[in-house]
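Trainee: One structure, pasted below without further comment.
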Amino acid sequence: MLNDETGYEELYKVHYRRVQRLCRLLLQNVSEAEEVKQEIFLKMLRQYRAESWPTDWRAWLTRVTVNACHDRQRSTWWNRWRLSDGEDAATELPSFNLTPEQEVLGREERDRIWRCFQQLSPRQQEIFILRYLEGWSTDEVASILGLTNSSVKQHLFRAVRRLRKSLGDRP
Amino acid sequence: MNHCLSDKTLWLLNEGDATQEQWRHLEGCKVCADHYDRMTRDLEMITGTLRQIPPPVRAASIRMPLVYRSIPLAVAFLLAIALLWGENMVWRQSLPDPSDQAFNNELSQFLEQVSDAIFTGTSAREAVATAPESDLNSLQAALGETCADECQELFSRSADEATVSQGMPRGPEQQRVNYRAK
């Protein structure tokens, strides 16, 4: 049993930050992301104790995370309505080695990217996240989301085009 | 291939889904190569920004549209109006009618007079003697009209008869009848 628990802790350490980032990106709300993250790791613990282990914990966790975030988005229309302002803004990481002017310009650019990303459809968002931030191939993304490969590519290209437009004309 | 590659083709090249011919064009065309480089730089910039944790979320941009956000407020407002209206209607229905209230007042006055007449120390004769007038007044007040003289006469006569039947001093003929009956 002790070995089981240490095994679980190892898994938790390996996947903790990835699941956290995925939840925050998909839900875009820190407190909701934390709640969903807890649910996901609780589910993982049950799965672990039941010894019905998946062949790939990373893929299993990604699938479970995407589904849990879907469920949360469907059930929390009221929570989203009453969302408070700027709860994440204070924790933005500062960037060094930049002049104040570059810093301001960079921040504006980042804000534009974030705003554009938030305006993407939920499907485009999750496909973009899984492909470019999680590093899954388009075939794997299609398998995780239960879509065809061509559909994933279509969504992905549209998302990339819109995000690039948000950057405007750059040298 | 003479035409420059489209954005989608350049993106497919980046994804590894391109033909040899498209690769050859990219290597030979400076314009397409510049586009491709720019696209890869853009993608790096975008993914680099989105990798920052936690994202600098602006709550206003992820809120639901104003129409949806105002629905609960509108429903609450309508419910409040309906509640106030309903309460007002119930309150109005529970208020007594002014004419009923006047009648009740007069009736209670009449009953007070009756009880005074019965239970105060006055003798029965005094009570009966005062009763017709007070009864008449009460009746007039209750009906809201003045009785005609005939009505007044009728009322006083009936009061006299009532006095006789309550054992007041009787005439000699009546005393005689009573004696025979004994």
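The values are calculated or read from the model by the stated rules, or taken from the named source; none is laboratory data. This one's a predicted model, so the numbers in the text were calculated from it and none came from an experiment. Cβ atoms come from the backbone with ideal geometry, glycine included; neighbour counts cover every protein chain shown. Side chains are part of the model used for accessible areas, which takes the heavy atoms of the whole protein and leaves out ligands, DNA and RNA. Shrake-Rupley method; radii C 1.70, N 1.55, O 1.52, S 1.80 Å.
Trainee: Output the peptides A:61-70, A:157-166, B:98-107, A:144-153 sorted from most to least packed, where packing is the average of other Cβ atoms within 10 Å over each peptide's residues.
Mentor: Top to bottom by mean Cβ count within 10 Å: A:61-70, A:157-166, A:144-153, B:98-107.
Trainee: What total accessible area, in Å², is buried where chains A and B meet, using a 1.4 Å probe and rounding to the nearest 100?
Mentor: Roughly 4100 Å² of accessible surface disappears when A and B pair.
Trainee: Would you mind giving the mean number of other chain beta-carbons within 10 Å of the Cβ of each residue in B:38-51, as a whole number?
Mentor: Shielding by partners across B:38-51 averages 6.
Trainee: Is region A:129-168 best put as rounded, prolate or oblate by its Cα gyration tensor, with a ≥ b ≥ c the root eigenvalues, rounded for a/c under 1.5, and otherwise prolate when a/b is larger than b/c, oblate when not?
Mentor: Taking the square roots of the gyration eigenvalues as a ≥ b ≥ c, region A:129-168 is oblate.
Trainee: What ³J(HN,Hα) values, in whole Hz, does the Karplus curve 6.51 cos²θ - 1.76 cosθ + 1.60 give for region A:58-74 when θ = phi - 60°, with x put for Gly and Pro?
Mentor: These are the phi-based 3J(HN,Hα) values: 5, 5, 4, 5, 5, 5, 5, 5, 4, 5, 5, 5, 4, 4, 5, 5, 6 Hz.
Trainee: Can you pull the mean other chain C-beta count within 10 Å for peptide B:7-17?
Mentor: 3
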